[in-house]
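**Q** Attaching a single structure in structure tokens format; questions to follow.
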Amino acid sequence: MCGICGFVDLNNELGEPEEILENMTGQIVHRGPDDFGHWLSPDKKVGLGHRRLSIHDLSSSGHQPMTSHCKRYVMIFNGEIYNFKKLKDILIEKGHVFIGQSDTEVLVQLIAEFGLEQSIKQTEGMFALALYDNEDKSLSFVRDRMGEKPLYVGTCGSNIVFGSELKVFKAMPNWQAKISSDAVSRFFDYGYIPGPLSIYQDILKISPGSILTLNTSEMIPVNQWCEKKYWSLEELVDTKNTTPIPQSLPEATEKFEALLKNAVQDQLVADVPVGIFLSGGIDSSAVVAMAQACSKDSVKTFSIGFDEKEFDEIPFANEVATTLDTDHTELYCSSKTVKESIEKIIKHYDEPFSDASQLPTMLLCELTRKHVTVCLSGDGGDELFYGYSRYFRTNKNHQKVKSIPSPVRFAIKIISSIFNPRLLKSARFQKLGLLFERINHLNSPWSFYRSFISRGGLSQCLVVNKSKGEFLFSRPETELEFDHIMRFSDTKQYLTDDILVKVDRASMASSLEVRVPLLNHKIVEFAWSLPNELLQSNEKGKLPLRALLNKYLPNIDFDRPKKGFAVPLDKWLRNDLKDWAYGLLFDNTVLFKDILHVDVLATIWEQHQNNKKDYSCELWDAIIFILWLKNENSLT
């Protein structure tokens, strides 16, 4: 796991490119504290920088930037190739000789042998990379299939700049960027900024499963950049998947067990200590069960809990750890630790990000890094295997709204178009406004689902010049059932731009590598081969995972209500964090008066404090955004 960065200086206007690369890599030391390296093209127009967290081959032979033996390619790489030993054997058969034992050397030699796209298609892993071709003077950017590793690319003046985190852009001497109003609007829809947007104009996130190749001799506007997909979920859905479809739950469970065990076994390989996050839920318990089945010794597991019992899952984690005989460590989180951690959170997330589970995630990563350098996570199971309880609630609501007679729906649309939209989202008419919104979205199941997962009610009136906020990702041509639309949407947006961002920034802040076995692309393809009846039944999802755990942990009840990684924000904002939050929100209005409606924010605060409605998510959005603005202003 590492951090990468670099630039293309089209006009040779950067006077000290070596110093700039050093400043850029200095911004991401936390991503790679073990080593660093720089490379400049002979004409000094292209600069590549790297910070290394040593996982495979701890020697200097894994140093980056790394040049292919043929000298054509120079690569900087962040991530892991889990099947690199198999790929290495293929190359050895073709006559390649290796200097070291790193997966980076295998990948750059693979590219020299087969070309970039064909090489990437052969890999299993999580990664983001930049590859300079000395022959055709091109610079290519690649991101893994599911978007586990981040990569930003954009322009800064007449330069192309890129990096694992946005903070490397600010190391450029000509740094200037405007805040994207569209990104701000979408942040207040979701609590995160969906790709390819970033908080800044002209800086984009490379899409998962994509390759972007740029000519380093000319400047092309960002809106004309064209990515090429080497793997896509929409194509997987459209082609109906070539994976044989299991005909029964036992068959599906047997296939899933083999896939997960192989993925876990591959991801346990490292030249440093490895552990596993354990919440006690279905996904993490399945990963731990497979890891313990693959290991001779007790695997190391880590959990975090809360003083509030209704949010605390440590007792469940302890039950799994005891049954599987893991080496278990735990930590408790309180409102006090929130205030102590908030500055670190703003620093490491770079752009507004308000998933409150970032708080315990960062603390969990700090704890885990004291014991291991690599940790496996159970993320991805909810999206792939129909695990969220909201899927069942939303499906019921979809059916109810569809049952409203067409003439009535038409009349409601007319009425809603007459009334002021902001009035309908006022406190008094909130429920009516929400009903109107969902009826108006009924013709598009994609928009209907978006109306359920985005912030509703007053928060829709909070942003000045609010944009519509439709999904930005491409969709399959195949018409999907509503159940699959929800899974697809969450996999393409929520998983990539919330869950994986949260884990990457929190773990890298402590120089901890986190791997996600359930996102092995073979497991993703398997999950999308399953018919609905093998995913969920009787308002229970994840049927193959449940059946697998019944084999390994038969005496543990996994039918309890899902707690996820929820944080008691509603309670904290009415008590322990109340004074701090009020001062932050209403003593800094000069910062955001042109971005947010202060009167709406005051209404949201008042309704939350009077216990009329839980607005903790919306208030936390505003708190994080204001903290980000304050930090941004302190840097300019």
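**Q** Cβ-Cβ under 7 Å, sequence separation 6+ or interchain: first residue in the stretch 539-554 and more than 14 Å from residue 287 (Cα to Cα), partner assigned to a loop (DSSP other than H, G, I, E, B) and of a type in the set (A, V, I, L, M). Which pairs?
**A** Within 7 Å, the pairs are 541/535; 543/535.
**Q** Still on this structure, I have one more. Out of all the residues in the stretch 209-244, which are of a type in the set (D, E, K, R), modelled with pLDDT under 90 and under 24 Å from residue 135 (Cβ atoms)?
**A** Across the stretch 209-244, the qualifying residue is only 218.
**Q** Tell me yes or no: at least one residue of the stretch 5-13 is closer than 25 Å to residue 504 by Cβ and either at pLDDT below 95 or aromatic (Phe, Trp, Tyr) (or both).
**A** yes
**Q** Of 149, 170, which residue is among the basic types (Lys, Arg), more than 27 Å from residue 464 (Cβ to Cβ) and in contact (Cβ under 8 Å) with a residue 60 or more places away in the chain? Write out each step before concluding.
**A** Working: 170 fails: more than 27 Å from residue 464 (Cβ to Cβ).
Answer to the check: 149.
**Q** Sort out which residues of the stretch 70-95 are surrounded by 15 or more Cβ atoms within 10 Å (Cβ to Cβ) and over 30 Å from residue 261 (Cβ atoms), and write them in order of number.
**A** If the condition is that a residue be surrounded by 15 or more Cβ atoms within 10 Å (Cβ to Cβ) and over 30 Å from residue 261 (Cβ atoms), then 72, 73, 74, 75, 76 are the ones that fit.
**Q** Scan the stretch 213-224 and tell me whether some residue there is loosely packed, with under 14 Cβ neighbours inside 10 Å, more than 22 Å from residue 519 (Cβ to Cβ), free of Cβ contacts under 8 Å to residues at least 40 places away in the same chain and over 27 Å from the mean Cα position of the chain (by Cα).
**A** Yes, the conditions are met somewhere in the stretch 213-224.
**Q** Among the residues in the stretch 69-83, are any modelled with pLDDT of 95 or more and among the basic types (Lys, Arg)?
**A** Checking the stretch 69-83: at least one residue is modelled with pLDDT of 95 or more and among the basic types (Lys, Arg).
**Q** Quick test for you: out of 340, 313, 330, 319, pick the one residue that is crowded, with 18+ Cβ neighbours inside 10 Å and among the charged types (D, E, K, R).
**A** 313
**Q** Looking only at the stretch 298-334, count every residue that is in a strand (DSSP E or B) and among the basic types (Lys, Arg) and tell me the total.
**A** 1
**Q** Among 548, 543, 584, 530, which is modelled with pLDDT of 90 or more, surrounded by 13 or more Cβ atoms within 10 Å (Cβ to Cβ) and not assigned by TED's automatic domain parsing to the domain that holds residue 313?
**A** 584
**Q** Report yes if some residue within the stretch 558-565 is under 21 Å from residue 244 (Cα atoms), among the hydrophobic types (A, V, I, L, M, F, W, C) and either part of a helix (DSSP H, G or I) or out of contact with any Cys (no Cβ under 6 Å at 6 or more places or on another chain) (or both); otherwise report no. Spell out how you get there, then give the answer.
**A** First pass over the stretch 558-565, keeping only residues under 21 Å from residue 244 (Cα atoms): none.
Scanning the stretch 558-565 turns up no residue that is under 21 Å from residue 244 (Cα atoms), among the hydrophobic types (A, V, I, L, M, F, W, C) and either part of a helix (DSSP H, G or I) or out of contact with any Cys (no Cβ under 6 Å at 6 or more places or on another chain) (or both).
**Q** Can you tell me which residue within the stretch 132-183, out of those that are aliphatic (A, V, I, L, M) and part of a strand (DSSP E or B), is farthest from residue 68 (Cα to Cα)?
**A** Step one: list which residues in the stretch 132-183 are aliphatic (A, V, I, L, M), which gives 139, 142, 146, 151, 153, 160-161, 166, 168, 171-172, 177, 179, 183.
Retained after the next criterion (residues that are part of a strand (DSSP E or B)): 139, 142, 153, 160-161, 179.
On the way: 139: 15, 142: 17, 153: 24, 160: 24, 161: 23, 179: 39 Å.
Filtering the stretch 132-183 for residues that are aliphatic (A, V, I, L, M) and part of a strand (DSSP E or B), the one farthest from residue 68 (Cα to Cα) comes out as 179.
**Q** Is it the case that residue 271 is modelled with pLDDT of 85 or more and not basic (Lys, Arg)?
**A** In short, yes.
**Q** Still on this model: Answer yes or no: is there a residue in the stretch 38-50 that is modelled with pLDDT under 90 and of a type in the set (A, V, I, L, M, F, W, C).
**A** no
**Q** Condition first: over 28 Å from residue 503 (Cα atoms), in the same structural domain as residue 158 (by TED's automatic domain parsing), touching a helix residue (DSSP H, G or I) at 6+ places or on another chain (Cβ under 6 Å) and not hydrophobic (A, V, I, L, M, F, W, C). Can you find one or more residues in the stretch 36-45 that meet it?
**A** Yes, the stretch 36-45 contains at least one residue that is over 28 Å from residue 503 (Cα atoms), in the same structural domain as residue 158 (by TED's automatic domain parsing), touching a helix residue (DSSP H, G or I) at 6+ places or on another chain (Cβ under 6 Å) and not hydrophobic (A, V, I, L, M, F, W, C).
**Q** If you take just the strands (runs of 3 or more DSSP E) that sit entirely in the stretch 185-297, which of them hold at least 2 residues that are in the same structural domain as residue 330 (by TED's automatic domain parsing)?
**A** Qualifying strands (runs of 3 or more DSSP E): 274-277.
**Q** Could you list all residues from the stretch 104-113 that are crowded, with 24+ Cβ neighbours inside 10 Å and of a type in the set (D, E, K, R)?
**A** Matches in the stretch 104-113: 105 only.
**Q** Name the residues in the stretch 343-376 that are farther than 24 Å from residue 454 by Cα, surrounded by fewer than 24 Cβ atoms within 10 Å (Cβ to Cβ) and β-branched (Val, Ile, Thr), would you?
**A** Scanning the stretch 343-376 gives 372, 373.
**Q** Failed condition for residue 354, given (1) farther than 30 Å from residue 578 by Cβ; (2) touching a Gly at 6+ places or on another chain (Cβ under 7 Å), with all others met?
**A** Among (1) farther than 30 Å from residue 578 by Cβ; (2) touching a Gly at 6+ places or on another chain (Cβ under 7 Å), the lone unmet condition for residue 354 is (1).
The values are calculated or read from the model by the stated rules, or taken from the named source; none is laboratory data. What you are looking at is a predicted structure, and each value in this text was computed from that prediction instead of being measured. Note that each Cβ is placed from the backbone with ideal geometry, even for glycine, and that neighbours are counted across all protein chains shown.
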